Amino acid sequence: MDMKAIQTFFNREDAFANHNGMTITEVREGYARSEMELQPYHLNGARTVHGGVLFTLADFAFAAASNSRGQLALSINSSISIFKGAKQGKLIAEAREVSNAPKLASFEVSIRNQAGDLLATFQGMVYRKSVSLQSLLSGQAG
C-alpha cells in the first residue's frame, strides 16, 4: 500500500479534521502521526484544550494507522483518558498498532504537547472489512 496515498487521502477527505486544522504528517504500516496547532476556538470554558479536540486528533491518527495495511478499517470502540491540559502550541498524536488479526485490530494513541508532555492516551479497536482501501481511495467503496 502506498503510504503517501493514504496520508494524502486522509488530509484531503477528512473534512472534520481539516476544519480543526489537523494533518497527518506520517504513515507507516500500523502507525500514523497527526498534528495540529491549538487555536482559541479549540479551548473549553476553563480556557484549556477541549476534550473533544484531543479525541478528534487521536481518532484521526488512529484512522490513518488502522487503514495503513490496505484494508478498509472502521472504528468499533474507542476511549480516551486525559491527564493534562494545554492552552497553546502544537499537539501531536501517535497511533501504534498493538494487536493485528484478520478482522479486528487494536491501537494505542498517545497525545503530547510540543514539549513531549503526555496529555492523554486513547485506545481504539477497528473492524476490518473485506474491502480494499484502494477502492475507497479511487471512490469505488460502498
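FYI, it's all coordinate maths here, none of it is from the lab. All values reported here derive from a predicted model rather than from experimental measurement. For neighbour counting, all protein chains shown are included, and Cβ atoms are generated from backbone atoms with ideal geometry for every residue, glycine included.
Observations
- Local electrostatic count, residue 57, Cβ distance below 12 Å [Lys/Arg +1, Asp/Glu -1]: -2
- Net charge, residue 11 excluded, C-beta distance under 13 Å - Lys, Arg +1, Asp, Glu -1: -1
- Acute angle (nearest 10 degrees) that the helix 51-66 long axis makes with the longest principal axis of the chain, alpha-carbon atoms: 30 degrees
- Per-residue Cβ neighbour counts within 10 Å put 10, 16 in the sequence 16, 10, beginning with the fewest.
- Dimensionless Rg/Rh of the chain - Kirkwood Rh, Rg from C-alpha atoms: 0.98
- For 24, 76, 82, 111, order by how many other beta-carbon atoms lie within 10 Å, fewest first: 76, 82, 24, 111
- Under a 5 Å amide H cut-off, with hydrogens placed 1.01 Å from N, residue 119 pairs with 111, 112, 113 among residues at least 5 apart or on other chains.
- Cubic angstrom per residue, convex hull over Cα atoms of the stretch 91-142: 99 Å³
- Neighbour net charge for residue 102 - beta-carbon separation under 12 angstrom, K R +1, D E -1: +4
- Using the average count of surrounding beta-carbon atoms within 10 Å as a protection proxy, the listed peptides 39-48, 101-110 rank, highest first, as 101-110, 39-48.
- In the chain, Cα pairs under 8 Å separated by at least six residues give a relative contact order of 24 percent.
- The helix-based estimate of mean residue ellipticity at 222 nm for the chain, built from -39,500 (n - 2.57) per DSSP H run of four or more residues and divided by its residue count, is -7500 deg cm²/dmol to the nearest 500.
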